[in-house]
């Protein structure tokens with residue numbers, strides 16, 4: 001309907017056809033060409049409004065048909081045939097599947113034709129109508145540029161939104177992967193150590209072996225529950241329980257453990273420190289060959305030090321890399337110092353900018 005409203009101005013070429021000196025047959029042809037022009041224009045407008053990404057060939061054909069109909073009216077209306085030029089410029093500006101600069105070039109070409117053709121053929125040039133065409137052409141050209149700019153901004157916003165959604169999915173996957181790794185890595189390490197110990201004690205000390213197997217079963221059940229809770233994002237590890245579990249793991253591995261009192265392990269960063277302690281103790285049991293492990297806990301930091309086989313060339317595996325990401329996300333910094341005398345893992349929160 002918006003496009004159809006402007007067709008009220010088609011009355012000027014219609015009147016020009018009716019009042020021309022042409023024969024009735026020529027007038028009928030002129031009116032038929034105008035009617036066909038209106039039909040093609042409206043169909044193109046409707047198609048463009050409801051199917052912006054539709055057929056390029058169909059749009060180009062429709063615009064070419066409008067141009068051909070305007071040319072066909074020239075032998076009948078002469079200069080007045082350019083009365084349909086604003087509709088052609090509108091079609092070029094808003095329905096053509098071209099780049100803005102090509103649409104602007106086409107609009108300029110239509111305006112130039114309104115000047116050149118009458119000069120060549122010898123028709124009288126209507127200066128007032130030419131000014132109207134220039135104003136309409138400039139307005140439509142800038143409108144096309146603004147519309148395309150708005151569309152590009154909307155597309156860029158949509159692409160950014162999709163990218164953010166994908167990044168959020170990736171971040172969530174990495175978080176779940178870190179959680180599952182931290183839980184399974186620690187629990188399976190303790191289970192492995194206890195199972196080996198139980199295997200050695202079966203013949204030497206059956207009662208102790210039974211105790212180890214019972215603890216092994218309890219650890220397996222606890223690990224299963226923690227995996228389910230973490231994957232379901234139901235809860236995070238609690239520092240007191242992690243301290244207690246760390247003591248069991250270190251003692252079972254034959255490592256002298258110096259740990260803080262579980263009852264005093266509370267604070268703003270307790271959850272983050274629980275992840276750090278779990279991963280660090282897992283690495284101590286697995287890789288260090290240490291005989292002693294000391295854990296120092298304050299309100300803003302936690303430090304896990306062992307006297308095992310360290311190396312200045314120590315590299316971050318999946319566990320430490322994920323742990324560093326977790327600490328960084330919590331506003332802290334993870335530092336690992338390792339040499340021949342042992343390894344110290346320290347997480348500090350609330351440092352402020354370096």
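For this structure, a couple of remarks:
- For mean projected area of the Cα convex hull in nm², calculated from these coordinates, the label among [x] 21.2; [y] 16.4; [z] 30.2: [z]
- Packing-based ranking of 64-75, 252-263 yields 64-75, 252-263, ordered from highest to lowest mean Cβ neighbour count within 10 Å.
- When each of the peptides 285-293, 148-156 is scored by how many other beta carbons lie within 10 Å of its residues on average, the order from highest to lowest is 285-293, 148-156.
- Length-normalised contact order for the chain - Cα pairs under 8 Å, 6+ apart - percent: 9 percent
- Contact order normalised by residue count of the range 2-125, Cα under 8 Å, 6+ apart, percent: 26 percent
- Computed over every Cα-Cα pair of the range 1-121 and binned at 10 Å starting from 0, the pair-distance distribution P(r) comes out as 13, 44, 33, 9, 1 percent.
- The chain: antiparallel DSSP beta bridges as a percent of all, rounded to 5: 85 percent
- In terms of packing, defined here as the mean over residues of other Cβ atoms within 10 angstrom, the peptides 298-307, 39-48, 76-85 line up highest first as 76-85, 298-307, 39-48.
Here, each number is a calculation from the coordinates, and none is a lab measurement. None of these values were measured; they are calculated from a predicted model. Using ideal geometry, Cβ is built from the backbone for each residue, glycine included, and neighbour counts are taken over all protein chains shown.
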